[in-house]
Amino acid sequence: IILLSTCLSLKTGISLAVVRIVDNDEPLICFNESSVSVNEDQESATVTITLTNPSSIDILVTVAAIDRSAIRVNDYGAGPFTVTIPAGVTSVPFSISIINDDIFEEDEQFTLSIEFSSSPRRLDHQECVLNVTIVDNDWLIMNFNQSSYSVDENSGPVQLILLLSNPSSFVENVQVTTSDITATGFAVDYISGPYSVTFPIGSTIVSLDIAIIDDSVL
């Protein structure tokens, strides 16, 4: 406020003028990092939103999640996410839930982007994004469904059942070899391997038939 007092040479009263100071300290908002990695068996991924300088009011931020190879709800908690940065604070962490499945798969990614804030403008869209990588923690173990099989010589092939410990997002090709103990391969007592077995995507069980030779030898 500027106060103009009475001048002796002028017949004027007291006059007021209001001066408005326009603040030029509007903070920029973005993520604290450009990428983070989290193991699938952790409960959540934590990221941080930062301001270049503090604000005198609370700031409400909306963060959108964009699927890449990771799928919302299946691999991580669905957005959008709402985060409040209190007045005077320049950084706030927030967490996104990670879904731990039993599927053997590649590491998966999704992207976070700041879509809206109640006060400051955000940085350029290409700069203000964060890529999250979910590191897979699943391994495949293959076994037969039993440790031994018995089949009559004249009853046809013996069927073996192969199992995977958990499903895979890939086609899994397995080679099964045979070795003689008292039976002889090479079409003497049975047809010897190797055999190729394929588990389709998502399948955890397949069968393999091995031909048995019915001879007349006692």
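The values are calculated or read from the model by the stated rules, or taken from the named source; none is laboratory data. Note that the structure is predicted; figures quoted are calculated from it, not measured. Note that we place each Cβ from the backbone using ideal geometry, even for glycine, and neighbour counts take in every protein chain shown. Heavy atoms of the whole protein, side chains included, go into the accessibility calculation; ligands, DNA and RNA do not. Shrake-Rupley method; radii C 1.70, N 1.55, O 1.52, S 1.80 Å.
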key: Value of relative contact order over region 147-218, rounded to a whole percent, pairs C-alpha under 8 Å and six or more apart   = 42
query = What whole-number value in Å² describes the accessible area per residue of region 25-87 for a 1.4 Å probe?
reply = 50
note = Rounded to the nearest whole number, the Stokes-Einstein translational diffusion coefficient of region 47-161 at 20 °C and 1.002 mPa s (Kirkwood radius, C-alpha pairs) in µm²/s is 120
ask   = Tally Lys and Arg at +1 and Asp and Glu at -1 over the other residues with C-beta under 13 Å from the C-beta of Gly156: what net charge comes out?
value = -4
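Could you list the GluC sites (Glu not before Pro) in region 62-155 that lie in coil according to DSSP, counting only those with at most 14 other Cβ atoms within 10 Å of their Cβ?
Values: sites: Glu105, Glu106, Glu108, Glu115, Glu127, Glu153; in loops: Glu105, Glu106, Glu127, Glu153.
Counting only loop positions with at most 14 other Cβ atoms within 10 Å, the GluC sites (Glu not before Pro) in region 62-155 are Glu106, Glu127, Glu153.
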message = Can you tally the net charge around Ile213? Count Lys and Arg as +1, Asp and Glu as -1, for every other residue whose Cβ sits under 9 Å from the Cβ of Ile213.
response = -4
task = Could you work out how far apart the two model spin labels at Leu16 and Ser69 are, taking each label as a point 7 Å from the Cα in the direction of the beta carbon, and quote it in nm?
result = 6.7
message = Can you compute the charge dipole magnitude of region 16-106 about its Cα centre, using +1 on each Lys and Arg Cβ and -1 on each Asp and Glu Cβ, nothing else charged? Give it in debye, rounded to the nearest 20.
response = 600
